[in-house]
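The values are calculated or read from the model by the stated rules, or taken from the named source; none is laboratory data. Quick caveat, the model's predicted, so the values are computed rather than measured. Virtual Cβ from ideal backbone geometry, glycine too; neighbours counted across all protein chains shown.
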Amino acid sequence: MSEHLRLKRAFLRHPGLARLAVMIVLFALWEIVARVWIDPTFLSPPSRVLASLGDLFDTKGIPVALRITFWELAIAFAISVVIGLTVGLAVGLSRFSNRSLMPIILLLYGTPQITILPLFILYFGIGPPSKIAFGVSHGIFPIIVTIVAGVQNIKPILMTAAHSMGARRWQIFRWVIFPHMIPTFFAGMRLGMAGVLLGVLLAELYVSTAGIGYFTQLFTQAFEPTKLLGLVSVLAAMAIALNEIVRRAEVHFGRWRTD
Amino acid sequence: MSVRRDRRDKIASLSVQVGFLVALVALWYLGTAYWGISRILLPNPVNVWAELKDILASGEYLPDLRVTLTELAAAFAISCTAGITLGFFISRSPYLIKVFEPLLAGFYSVPVILFLPLYVLFFGLGPGSKIALGTTISFFPIVLNTIAGFGYVDKIFITAARSMGASDFQMFRYVLLPAAFPVILTGLRMGFTVALLAILGSETIASLAGLGHRIVHLAEAMETARMFAYIAFVVVIAALLNTAMSTLERRAKRR
């Protein structure tokens with residue numbers, strides 16, 4: 001068998017290998033295009049971006065900015081989960097509050113909150129509190145909606161069975177609703193994390209004095225694509241890592257459910 | 001459940017909704033008119049209403065609205081064309097689906113808003129960077145749904161059509177397209193919503209014109225009442241566009 005055929009078979013058997021090849025080709029294209037055609041004041045090749053990552057972290061203020069952004073994300077996420085879970089359970093567990101409040105929540109969820117970003121700055125200032133508040137405003141709605149949907153999806157027969165066997169309200173909550181809520185809870189957390197990332201990053205990019213938004217603006221205005229690409233890559237890596245953590249948690253805690 | 005009780009429930013929940021909104025507006029009015037909340041932080045609803053009427057009457061919103069809608073149309077057109085074409089070709093081979101779908105889904109989980117500074121660097125502060133961001137963000141739901149629509153058509157339909165001698169075109173027109181259409185439409189609707197958000201967002205962050213730019217401009221001038229009026233205007237426009245899109249989706253699916 002020739003070398004060529006063996007390579008082809010390896011690719012056909014392992015799509016992951018082909019995926020890796022696609023990514024390598026894309027990076028190579030970027031490298032070539034950036035080196036040969038494009039003005040270096042606009043785009044730098046990935047090799048130079050990678051090489052300058054060390055420089056980037058040595059830049060005064062960058063480590064602090066990344067740390068600030070990370071804490072903004074973490075705090076906004078924690079607040080979103082607490083509020084989202086509380087409101088979601090309160091709205092989902094009662095038929096009446098569900099019917100009367102859910103349309104209001106969906107209405108708020110559907111409005112483009114980016115339009116009120118200047119208001120958040122007006123009320124919470126240009127520091128981290130406005131970023132956290134904006135992140136929370138993006139994070140709570142997906143969590144509430146998912147939790148409500150999860151509570152409603154519990155099969156009525158399970159509730160009836162628990163009832164007829166004489167379970168108290170608290171017992172029903174502990175042994176029927178709670179185990180059923182775990183996968184939903186993590187699904188909501190995943191969506192909430194995506195929302196929090198969007199909200200915090202939007203607010204950071206809009207106005208920032210010490211966070212990453214300040215530096216993206218600085219690098220854009222100074223035409224430093226190497227550092228800008230490096231910073232964006234680091235942030236993207238942070239976002240992917242955070243997303244991946246909640247996604248793993250969702251898979252891990254949802255695996256007992258087989259249906 | 002009896003019809004009577006159902007109706008009573010409906011009236012009760014409706015009154016809670018109406019009561020909530022009325023209480024909100026009443027608190028807003030009382031807070032600004034009597035309890036001394038700063039006009040700059042929270043304008044009086046009466047003033048906001050007057051400003052809104054002024055904006056609508058003077059037609060001042062038209063240039064900004066035109067800019068935003070043009071950007072939206074351009075971004076959506078590009079991402080539809082690219083997303084559906086690419087999605088269709090990927091979906092033609094199970095192998096390509098296996099290679100590309102996880103790759104695209106992986107990209108999809110990166111917050112695309114991060115690219116805005118790069119796009120501003122590449123395309124400038126004008127409409128170019130907004131169109132680029134709107135295209136990037138709406139491309140992923142469209143391409144992923146196109147792959148899902150065309151790629152996972154039940155094999156039995158395809159085998160049946162082939163064994164009855166369907167040509168390639170007939171296969172596409174009568175088997176693949178009807179099966180994939182609703183899924184693609186969902187992707188288009190999702191793409192449209194996020195494209196609108198991305199364009200408003202990038203106008204807010206860095207721009208020269210557009211509705212998002214107008215809101216920021218008024219915020220920086222501390223003309224809060226007029227800003228509130230513009231926010232209300234944009235929210236209504238967005239709601240109208242999104243409702244139109246969902247209605248289109250529902251009607252097309254029913255057929």
Original post:
Which residue pairs have Cβ atoms under 7 Å apart, sit 6 or more places apart or on different chains, and have a first residue in region A:230-251 that is facing another protein chain (nearest Cβ under 8 Å) and in contact (Cβ under 8 Å) with a residue 12 or more places away in the chain and a second that is outside any helix (DSSP H, G or I) and not acidic (Asp, Glu)?
Top reply: A:Ala239/B:Val110; A:Ala239/B:Pro111; A:Asn243/B:Ser109
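What number of residues within region A:197-211 satisfy the criterion of being more than 7 Å from chain B (Cβ to nearest Cβ) and under 16 Å from A:Ile140 (Cβ atoms)?
Going through region A:197-211 one residue at a time, the tally reaches 3.
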Original post:
Among the residues of region B:122-146, how many are within 14 Å of chain A (Cβ to nearest Cβ) and assigned to a helix (DSSP H, G or I)?
Top reply: 12
**OP:** Return the total of residues in region A:127-179 being part of a helix (DSSP H, G or I), in contact (Cβ under 8 Å) with a residue 24 or more places away in the chain and closer than 23 Å to A:Phe96 by Cα.
**Re:** 14
**OP:** Search region A:190-203 for residues that are basic (Lys, Arg) and pair each with any residue that is surrounded by fewer than 24 Cβ atoms within 10 Å (Cβ to Cβ) and assigned to a helix (DSSP H, G or I) when their beta-carbon atoms are under 7 Å apart and the residues are at least 6 apart or on different chains.
**Re:** A:Arg190/A:Val246; A:Arg190/A:Arg247; A:Arg190/A:Glu250
Original post:
Of all residues in region A:15-40 being outside any helix (DSSP H, G or I) and surrounded by 13 or more Cβ atoms within 10 Å (Cβ to Cβ), which is farthest from the other protein chains (Cβ to nearest Cβ)?
Top reply: A:Pro40
**OP:** Out of the residues in region B:108-160 that are farther than 30 Å from B:Met171 by Cβ and of a type in the set (Gly, Ala, Ser), state the one that is surrounded by the most Cβ atoms within 10 Å (Cβ to Cβ).
**Re:** B:Gly134
**OP:** State all residues of region B:229-245 that are hydroxyl-bearing (Ser, Thr, Tyr) and surrounded by 16 or more Cβ atoms within 10 Å (Cβ to Cβ); if no residue qualifies, say none.
**Re:** B:Tyr230
Original post:
Here are B:Pro178, B:Pro141, B:Pro127, B:Pro182: which of them is touching a Phe, Trp or Tyr at 6+ places or on another chain (Cβ under 8 Å) and assigned by TED's automatic domain parsing to the domain that holds B:Leu103?
Top reply: B:Pro141
**OP:** Could you please give the count of residues in region B:184-214 that are within 11 Å of chain A (Cβ to nearest Cβ) and touching a His at 6+ places or on another chain (Cβ under 6 Å)?
**Re:** 1
Subject >> Within region A:41-120, helices (runs of 4 or more DSSP H) holding 2 or more residues that are within 14 Å of chain B (Cβ to nearest Cβ), closer than 30 Å to A:Arg174 by Cβ and aliphatic (A, V, I, L, M) >> reply: A:62-93, A:95-110
Original post:
Which condition breaks for A:Ile147 when tested against (1) closer than 30 Å to B:Val216 by Cα; (2) modelled with pLDDT under 90?
Top reply: (1)
Subject >> Output for region B:215-240, where each listed residue is more than 10 Å from every other protein chain (Cβ to nearest Cβ) and assigned to a helix (DSSP H, G or I) >> reply: B:Ala225, B:Arg226, B:Ala229, B:Leu240
**OP:** Might you let me know whether region B:110-121 holds any residue that is within 14 Å of another protein chain (Cβ to nearest Cβ), outside any helix (DSSP H, G or I) and touching a helix residue (DSSP H, G or I) at 6+ places or on another chain (Cβ under 7 Å)?
**Re:** yes
Original post:
Out of all the residues in region B:52-88, which are outside any helix (DSSP H, G or I), surrounded by 13 or more Cβ atoms within 10 Å (Cβ to Cβ) and out of contact with any helix residue (DSSP H, G or I) (no Cβ under 6 Å at 6 or more places or on another chain)?
Top reply: B:Glu60
Original post:
Only one of these conditions is not met by A:Leu26: (1) modelled with pLDDT of 80 or more; (2) touching a helix residue (DSSP H, G or I) at 6+ places or on another chain (Cβ under 9 Å). Which number is it?
Top reply: (2)
**OP:** Considering each of B:Val183, B:Val175, B:Val153 in turn, give the residue that is under 21 Å from B:Gly83 (Cα atoms) and assigned to a loop (DSSP other than H, G, I, E, B).
**Re:** B:Val153
Subject >> Enumeration of residues in region B:200-255 that are more than 20 Å from the chain's Cα centre (by Cα) and of a type in the set (Ser, Thr, Tyr) >> reply: B:Thr224
**OP:** Determine whether A:Phe11 is aromatic (Phe, Trp, Tyr), surrounded by 12 or more Cβ atoms within 10 Å (Cβ to Cβ), touching a helix residue (DSSP H, G or I) at 6+ places or on another chain (Cβ under 8 Å) and more than 30 Å from A:Ile212 (Cα to Cα).
**Re:** yes
